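One structure below.
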Number of protein chains: 2
Amino acid sequence: MRKYCFGVDLGGTTVKLGLFDTEGDIVDKWEIPTVLEHDGKEILPDIARSILQKMEMRGMEREEALGVGIGAPGPVDSEGTIYGAVNLGWGTFNLKKELQSFLNMPVEAGNDANVAALGEMWQGGARGYQDVVLVTLGTGVGGGVVTGGKILPGAVGAAGEIGHMHVEDGEAERCNCGGCGCLEQYVSATGVVRLAKRKLAADDCPSMMRKDNLTAKDVWDAVKQNDAAALEVAEKFGWYLGKALAGIACVVNPETFVIGGGVSRAGDVLLDFTQKYFRKYAFNACRGTLFTLAKLGNDAGIYGAARMVLD
Amino acid sequence: MRKYCFGVDLGGTTVKLGLFDTEGDIVDKWEIPTVLEHDGKEILPDIARSILQKMEMRGMEREEALGVGIGAPGPVDSEGTIYGAVNLGWGTFNLKKELQSFLNMPVEAGNDANVAALGEMWQGGARGYQDVVLVTLGTGVGGGVVTGGKILPGAVGAAGEIGHMHVEDGEAERCNCGGCGCLEQYVSATGVVRLAKRKLAADDCPSMMRKDNLTAKDVWDAVKQNDAAALEVAEKFGWYLGKALAGIACVVNPETFVIGGGVSRAGDVLLDFTQKYFRKYAFNACRGTLFTLAKLGNDAGIYGAARMVLD
């Protein structure tokens with residue numbers, strides 16, 4: 001009998017759900033809204049109902065379903081306990097057991113960024129590898145560490161929080177986390193714009209980047225046009241990210257880094273600037289670590305969530 | 001029947017061996033010389049012979065022995081492959097399988113620093129924890145990462161090489177690894193002396209540290225006497241180490257850091273300066289990470305090696 005698993009990516013606005021076979025092929029994909037009323041108490045019953053309905057619609061037997069994995073926007077430890085999820089109004093509780101209580105099948109739970117790393121390992125940019133660090137460059141900077149094919153959750157689910165590594169002593173602006181000089185302040189979408197604006201303010205060099213509502217995409221487009229000021233920004237970006245990843249390599253020594261998130265759409269040029277400084281600062285044994293772009297985009301979460309069930 | 005496991009800590013001069021019961025109590029401990037002749041080809045047969053002799057001497061039956069764990073001075077991956085050990089004249093080969101071929105019992109192999117981390121987790125400073133980072137401050141700086149009670153080896157056995165995290169952009173002197181500005185250059189035994197000499201050269205302040213053949217112990221002794229110059233050195237030490245550990249916490253989020261190696265004999269005062277800066281730079285969720293001193297000293301390796309067999 002062909003077996004299936006469900007992957008759930010729980011976000012602040014929508015819940016993405018996917019049905020996969022054990023080979024990692026996606027069979028079905030759908031969304032439901034995230035109901036935030038009543039302190040997010042409807043969310044898990046809604047998810048369970050949606051999965052059970054899907055099984056009924058498809059005429060799936062209970063024995064065909066291996067289980068449900070869920071990635072959630074908060075720190076989750078190896079037991080499935082989530083230590084609060086601000087965007088959902090959630091406090092601390094065992095997410096795995098709670099969702100399991102609504103479903104007659106095994107459940108696994110993880111942090112969304114960690115789960116996405118597992119998805120990229122299974123069917124994305126790091127397919128074929130077992131030791132992977134995912135770096136997500138979006139509005140913020142997240143990450144996930146996979147070792148030996150499994151998520152490394154950390155003691156309180158905070159492993160892979162690489163956006164908050166301190167990388168700059170001279171920073172005066174505060175990060176969202178309250179710290180100063182976090183990696184996120186330089187290599188997230190807003191971080192890239194911050195670096196660009198600082199460069200443009202430092203002198204009156206001509207640049208394609210001198211425009212209203214500058215975005216990270218504008219900056220990388222200018223880099224691709226060999227805009228001199230933009231190239232300086234790209235060097236600075238690569239210096240921050242490459243150096244941070246060199247430090248990470250000394251700690252967990254992955255086979256490959258996978259770079260994802262909106263900023264990574266800049267593509268190979270972004271990897272080039274990052275790898276230049278990675279190689280400069282990396283320990284000898286880690287200098288050959290691979291770099292690749294994420295492939296699954298917004299689906300990484302449902303892939304990784306489903307993959308958790310197969311462990 | 002009571003069961004036993006052997007732990008082997010392979011060094012460049014001596015091989016330490018220990019016999020443990022499954023509760024982690026040490027039953028016997030001995031040493032043999034490391035024979036470096038013939039490209040180190042005698043080493044594994046010597047170890048096997050010594051273990052078999054010990055079993056015979058003690059009248060141990062084969063069924064009483066669960067196996068042998070070995071920690072070696074080189075990178076070792078999850079399959080037991082060692083990627084060279086310069087001090088032993090070894091190239092790349094499967095250490096686990098090779099030692100197993102001389103012994104009729106299961107063998108596990110790991111890098112010596114990683115294995116020591118497991119030892120401290122089992123019966124040392126981190127007893128009772130499962131997610132541990134060991135930092136060894138000796139002639140060099142080594143480290144080991146334990147997650148979920150198991151060693152994290154990394155893709156090429158280079159996980160936990162935290163002495164070579166880049167922490168200083170303004171360094172002109174080279175580290176032994178060829179890099180500039182590695183953590184090891186500031187917090188190893190020679191690193192502490194480097195920081196002290198630089199402080200003493202910067203001005204002509206009076207200090208207990210103005211003496212011939214200054215050692216790291218002299219520096220920490222001066223710190224304990226509230227020597228003003230030494231206190232500045234301790235702040236700098238804590239800044240480098242605390243900041244680096246804050247970065248490590250963002251990656252693997254351990255429950256506790258264990259600080260070992262000769263320099264750590266300075267004791268709690270060293271932890272105080274380190275934790276001060278750790279808390280300053282750590283991500284919120286990791287700020288409560290514990291700090292403890294290593295307890296097993298030079299025996300951490302045999303403890304951890306034996307513990308590998310029980311996994």
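The values are calculated or read from the model by the stated rules, or taken from the named source; none is laboratory data. All of these numbers come straight from a predicted model, not from anything done at the bench. Virtual Cβ from ideal backbone geometry, glycine too; neighbours counted across all protein chains shown.
Worth pointing out:
- Yes/no for A:Cys177 being of a type in the set (A, V, I, L, M, F, W, C), without any contact (Cβ under 8 Å) to a residue 60 or more places away in the chain and within 8 Å of another protein chain (Cβ to nearest Cβ): yes
- For the range B:134-157, filtered to residues that are out of contact with any Leu (no Cβ under 9 Å at 6 or more places or on another chain) and among the aliphatic types (A, V, I, L, M), the residue that is nearest to the other protein chains (Cβ to nearest Cβ) is B:Ala155.
- Of residues in the range A:163-172 being over 19 Å from A:Phe257 (Cβ atoms) and in contact with a helix residue (DSSP H, G or I) (Cβ under 8 Å, 6 or more places away or on another chain), the one nearest to the other protein chains (Cβ to nearest Cβ): A:His166
- Enumeration of residues in the range A:292-307 that are among the hydroxyl-bearing types (Ser, Thr, Tyr) and surrounded by 21 or more Cβ atoms within 10 Å (Cβ to Cβ): A:Tyr303
- Under the condition of being outside any helix (DSSP H, G or I) and either surrounded by fewer than 17 Cβ atoms within 10 Å (Cβ to Cβ) or modelled with pLDDT under 95 (or both), the residues counted in the range A:181-207 number 4.
- Each residue in the range B:99-128 was checked for being touching a Gly at 6+ places or on another chain (Cβ under 9 Å) and either within 14 Å of chain A (Cβ to nearest Cβ) or not small (Gly, Ala, Ser) (or both), and 20 pass.
- For the range B:270-289, the criterion of being at pLDDT 95 or above and more than 26 Å from A:Cys177 (Cβ to Cβ) is met by at least one residue.
For every residue, the table says whether it meets (1) over 21 Å from A:Gly124 (Cα atoms); (2) under 24 Å from the mean Cα position of the chain (by Cα).
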{"residue": "A:Phe6", "(1), (2)": "no, yes"}
{"residue": "A:Glu23", "(1), (2)": "no, yes"}
{"residue": "A:Ile26", "(1), (2)": "no, yes"}
{"residue": "A:Thr34", "(1), (2)": "yes, yes"}
{"residue": "A:Glu63", "(1), (2)": "yes, no"}
{"residue": "A:Val68", "(1), (2)": "no, yes"}
{"residue": "A:Trp90", "(1), (2)": "yes, yes"}
{"residue": "A:Gln100", "(1), (2)": "yes, no"}
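- Restricting the first member to the range A:197-217 and to residues that are more than 16 Å from A:Lys236 (Cα to Cα), and the second to residues that are outside any loop (DSSP other than H, G, I, E, B) and of a type in the set (Gly, Ala, Ser), the beta-carbon pairs closer than 7 Å and six or more apart or on different chains are A:Cys205/A:Ala228; A:Cys205/A:Ala229; A:Ser207/A:Ala222; A:Ser207/A:Ala229; A:Ser207/A:Ala230; A:Met208/A:Ala222; A:Met208/A:Ala230; A:Leu214/A:Ala196.
- Meets criteria (acidic (Asp, Glu) and over 29 Å from B:Lys295 (Cα atoms)) for B:Glu108: no
- Members of the range A:272-291 found to be away from chain B (no Cβ under 14 Å) and surrounded by 19 or more Cβ atoms within 10 Å (Cβ to Cβ), listed by number: A:Phe273, A:Thr274, A:Gln275
- Residue within the range B:162-171 that is under 13 Å from the mean Cα position of the chain (by Cα) and either of a type in the set (A, V, I, L, M) or surrounded by fewer than 19 Cβ atoms within 10 Å (Cβ to Cβ) (or both) present: yes
- Just one of the numbered conditions (1) at pLDDT below 95; (2) away from chain B (no Cβ under 14 Å); (3) under 18 Å from A:Ala306 (Cα atoms); (4) in contact with a Gly (Cβ under 9 Å, 6 or more places away or on another chain) is not true of A:Glu63: (4).
- Residue check for A:Met105: over 22 Å from the mean Cα position of the chain (by Cα), closer than 30 Å to B:Lys150 by Cβ and either surrounded by 14 or more Cβ atoms within 10 Å (Cβ to Cβ) or modelled with pLDDT under 95 (or both): yes
- In the set A:Gly247, A:Gly242, A:Gly160, only one residue is small (Gly, Ala, Ser), in contact (Cβ under 8 Å) with a residue 24 or more places away in the chain, outside any helix (DSSP H, G or I) and within 14 Å of chain B (Cβ to nearest Cβ); that residue is A:Gly160.
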